[in-house]
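Here the structure comes first, spelled out in structure tokens, and everything after it is commentary.
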Ligand code: NAD
């Protein structure tokens, strides 16, 4: 039984929704961040209410420092101080490097990497003061191995783990753990948008022979979030069906 509070950025997305559900199923109070114009947080909240979940929501653009600060403030007003932060918001804007526009680079770096600073900065002092915190950064296998057409995304996702390792060392004596999860290809709309032909080609590269399920990411988030996981910090946990072994 826990009374801890978790904030999941991108909580309304494919992986984020399962993280929210799994944490709630384990008695965490959960607030999901969402972004107006990208998704509809209120509709998401209402749909999940029908499934029996009572999630709080907080709107904001995590790629913008002021907006992220306002989002965390809204979240904490609703549910109290954040004990567990899951940085899960992310986007792709794929292009070969020789065709990549500056705005494709910039948007992907801002949403996937700047966001980690923008949101973590809002909660880290409170975690230090209370002597407990769990920060879980959702990176990608492509941050570990690189991927054609994703110089922007691979750089941002690799950068997340650099952040994880530095902050893990800074925070270790304060009861705060900081870890990265690097999913392989997971069955969400982010992957479905690539089209059936490309998805089938990707599956050929996965020894387990299928896409991962969002639940398979969520159960590791819940494991890392637990009070009992305090000796795991600075790790990068691969969940990729054997596609890449570091
Ligand atoms: P998704 O598109 O379903 O969800 C992404 C979420 O991020 C959405 O809720 C969206 O509203 C939010 N978001 C986007 N831009 C935002 C912004 N500027 N401010 C606030 N929120 C914003 O994607 P997903 O498949 O659930 O991916 C979740 C995370 O997992 C991402 O970081 C992604 O890079 C990572 N990931 C996904 C896969 C995969 O195969 N699906 C693999 C590896 C890593």
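The values are calculated or read from the model by the stated rules, or taken from the named source; none is laboratory data. What you see is a predicted model, and the numbers here were worked out from it, not measured in a lab. Every residue, glycine as well, gets a Cβ built from its backbone with ideal geometry; the counts of neighbours run over all protein chains shown.
Miscellaneous remarks
- Selection within region 88-121: residues that are touching a strand residue (DSSP E or B) at 6+ places or on another chain (Cβ under 6 Å) and in a loop (DSSP other than H, G, I, E, B). The member of this set that is farthest from the ligand (Cβ to nearest atom) is 94.
- Only one entry of 148, 124 meets the criterion of being assigned to a loop (DSSP other than H, G, I, E, B) and either farther than 26 Å from residue 219 by Cβ or more than 15 Å from the ligand (Cβ to nearest atom) (or both), and that entry is 148.
- Check on residue 202, within 11 Å of the ligand (Cβ to nearest atom), modelled with pLDDT of 95 or more and more than 25 Å from residue 11 (Cα to Cα): no
- Checking residue 162 against (1) surrounded by fewer than 16 Cβ atoms within 10 Å (Cβ to Cβ); (2) more than 16 Å from the chain's Cα centre (by Cα); (3) in a helix (DSSP H, G or I), the condition it does not meet: (2)
- Test: residue in region 198-208 that is closer than 28 Å to residue 127 by Cβ and either without any contact (Cβ under 8 Å) to a residue 40 or more places away in the chain or surrounded by 11 or more Cβ atoms within 10 Å (Cβ to Cβ) (or both): no
- Among strands (runs of 3 or more DSSP E) entirely within region 1-83, having at least 2 residues that are more than 26 Å from residue 187 (Cβ to Cβ) and modelled with pLDDT of 95 or more singles out 56-59.
- Per-region count, region 6-31, residues within 14 Å of the ligand (Cβ to nearest atom) and more than 20 Å from residue 176 (Cβ to Cβ): 12
- Region 165-178, subset part of a helix (DSSP H, G or I) and under 15 Å from residue 136 (Cβ atoms), residue farthest from the chain's Cα centre (by Cα): 171
- Looking across region 172-193, the residues that are surrounded by fewer than 18 Cβ atoms within 10 Å (Cβ to Cβ), more than 8 Å from the ligand (Cβ to nearest atom) and farther than 21 Å from residue 242 by Cα come down to 172, 173, 174, 175, 193.
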